[in-house]
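Take a look at the structure below.
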Amino acid sequence: MQEVRETYIERIYELKQRKGYVRAIDLASILNVKPSTVTEMLQKLFKEGYVHYEKYRVVDLTPKGLELAQKLEKRHQAIKKLLMYIGVSEEIADKDACIIEHIISKESIEKIQDFAKKI
């Protein structure tokens, strides 16, 4: 559940930055899931305090959701930077960072972030 929650929050953050707004149908499209699946998850994220959501309206992150999104983005960029540093192509590093960022330990990500600042 945590990985799915984080993926939704990341995609909302990315879409908002790119388009200026987020609709449930946009999320369904980029996540390759049914709109009903997105609606269900948005309702959960709303209850947990991560998003502002009303059916048929735009979706936005709450301060709590924005904080998590920015944290995830920093983790992603640090992992991607490390992978590229050791010779992984940018495209593969980006894809792998998406996977790794959800399962890595707090200690490991802290060390990677410290290292990424140095390179």
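Points to keep in mind about this one:
- Residue list for the range 14-34, filter: within 15 Å of V4 (Cα to Cα) and without any contact (Cβ under 8 Å) to a residue 24 or more places away in the chain: A28, I30, N32, V33, K34
- Selection count where residues are closer than 11 Å to K81 by Cα and open to solvent by 100 Å² or more (accessible area, probe 1.4 Å), scope the range 104-117: 1
- Of the helices (runs of 4 or more DSSP H) lying entirely inside the range 1-92, those containing at least 1 residues that are open to solvent by 90 Å² or more (accessible area, probe 1.4 Å) and within 30 Å of F115 (Cα to Cα) span 2-19, 63-85.
- Scanning the range 62-112 for residues that are in contact with a Lys or Arg (Cβ under 7 Å, 6 or more places away or on another chain) and in contact (Cβ under 8 Å) with a residue 24 or more places away in the chain turns up E101, I109.
The values are calculated or read from the model by the stated rules, or taken from the named source; none is laboratory data. This one's a predicted model, so the numbers in the text were calculated from it and none came from an experiment. Every residue, glycine as well, gets a Cβ built from its backbone with ideal geometry; the counts of neighbours run over all protein chains shown. Side chains are part of the model used for accessible areas, which takes the heavy atoms of the whole protein and leaves out ligands, DNA and RNA. Shrake-Rupley method; radii C 1.70, N 1.55, O 1.52, S 1.80 Å.
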